[in-house]
1. When residues of the range 166-206 are filtered for being crowded, with 22+ Cβ neighbours inside 10 Å, of a type in the set (D, E, K, R) and farther than 30 Å from residue 273 by Cα, how many remain?
2. Considering each of 256, 247 in turn, give the residue that is touching a residue at least 40 places away in the same chain (Cβ under 8 Å), within 14 Å of residue 273 (Cβ to Cβ) and in contact with a strand residue (DSSP E or B) (Cβ under 8 Å, 6 or more places away or on another chain).
3. With the condition kept exactly as written, say whether any residue in the range 294-305 is among the aliphatic types (A, V, I, L, M), modelled with pLDDT of 95 or more, more than 23 Å from residue 194 (Cα to Cα) and surrounded by fewer than 20 Cβ atoms within 10 Å (Cβ to Cβ).
4. Output yes when any residue across the range 53-70 is modelled with pLDDT of 95 or more, under 14 Å from the mean Cα position of the chain (by Cα) and crowded, with 21+ Cβ neighbours inside 10 Å, and no when none is.
5. Which members of the range 75-129 meet the condition of being farther than 21 Å from residue 157 by Cα and among the hydroxyl-bearing types (Ser, Thr, Tyr)?
6. Could you please find all residues in the range 186-209 being without any contact (Cβ under 8 Å) to a residue 60 or more places away in the chain, more than 20 Å from residue 267 (Cα to Cα) and among the small types (Gly, Ala, Ser)?
7. List every residue pair whose Cβ atoms sit under 7 Å apart, with the two residues 6 or more apart in sequence or on different chains, where the first one lies in the range 275-301 and is within 19 Å of residue 151 (Cα to Cα) and the second, anywhere, is assigned to a helix (DSSP H, G or I) and of a type in the set (Asp, Glu).
8. Just name the residue that is surrounded by the fewest Cβ atoms within 10 Å (Cβ to Cβ) out of those in the range 217-244 that are among the charged types (D, E, K, R) and touching a residue at least 12 places away in the same chain (Cβ under 8 Å).
Amino acid sequence: MPRSSSSSPRRLLSALLVPAALLVTACGSDDPAADADRSGSSSDAAFPVTVSSDAGEVTLDERPEAIVSLSATATEMLFAIGADEQVVAVDSTSDFPAEAPTTDLSAYTPNAEAIISYAPDLVVLSDDINGIVDALETLEVPVLLLPAVDDLEGSYDQLRLLGEATGRTDDADDVVTDVQDRIDAAVASVGGAAEGQRVYHELDPSYYSADSSTLIGSIYTLFGLENVADGAAGANEGYPQLSAEYVVGQAPELIVLADTLCCGESAATVASRPAFDTVPAVQQGRVLEASDDVASRWGPRIADFAESVATALNG
């Protein structure tokens, strides 16, 4: 059953903020057209709108103007589609873009009281931890639950969903098109040169990897690469733990490190590992030092990742 965005607790918190809101309004622009353009009021005609996520259906009576994001990926998506002025707070892991209003809100130990202190009219989460979805819905706060996805279409769907929920439908469509075009161009730049080459994607120095059933694995598939993790016995839901001996034996032509920030891994540290000097990727200088964040999030920067893979393959 659709849930309404109307909320008595939220209204009480909003009422406390009215004087500040009036003060900001008094100091606003003298140009009504300019103010309307900045607020995106032209999108208000799309409301009320009912959208559906893993938390179920929710009806938003008006365009949300106080969004709280407890998902680093959702934060990137919201800013990419131009909903940044609608975001009032993001969790402590939302470090991109730099202007995101980062707070001490935790995505790992979410607290309903801390969240509603920002008087949100929409909360976006990637995980339902400690019953936070039920807690927020009990307070009649609209919730979108957007978990990690397994493919690019899942990423595009979430971008479009956020566009609909924020009144930024056209902007979201533009972002999706841009990401698609950039990824297509990256793949085209390599052509068939990478077909059949092997890739090893490293999540941490203990050799956890990502196979082709994952989002990051699907990017390698686009380039025609063979993922060495696909052949691992006892795959762990897309993220098997390999061994140094196994990776060396697979002789990958490309190694992608997604543990440069967390663990300080680099082309140099990989080359210093026993027997890794025999691996073609090391010998040919094809060890891609990726950003952990870019390689682990499923937002628009997945296009950045695809472009970096193309650069590495083009040598």
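The values are calculated or read from the model by the stated rules, or taken from the named source; none is laboratory data. What you see is a predicted model; the values in this text were computed from it and never measured. Counting neighbours? That spans all protein chains shown, and the Cβs are built from the backbone with ideal geometry, glycine included.
1. Number satisfying all stated conditions: 1.
2. It is 247.
3. No, that holds for no residue.
4. yes
5. Once the filter is applied, which keeps residues that are farther than 21 Å from residue 157 by Cα and among the hydroxyl-bearing types (Ser, Thr, Tyr), the range 75-129 yields 92, 93, 102, 103, 106, 108, 109, 117, 118.
6. Across the range 186-209, the qualifying residues are 188, 191, 192, 196.
7. 294/304; 297/76; 299/76; 300/76; 301/76
8. 230
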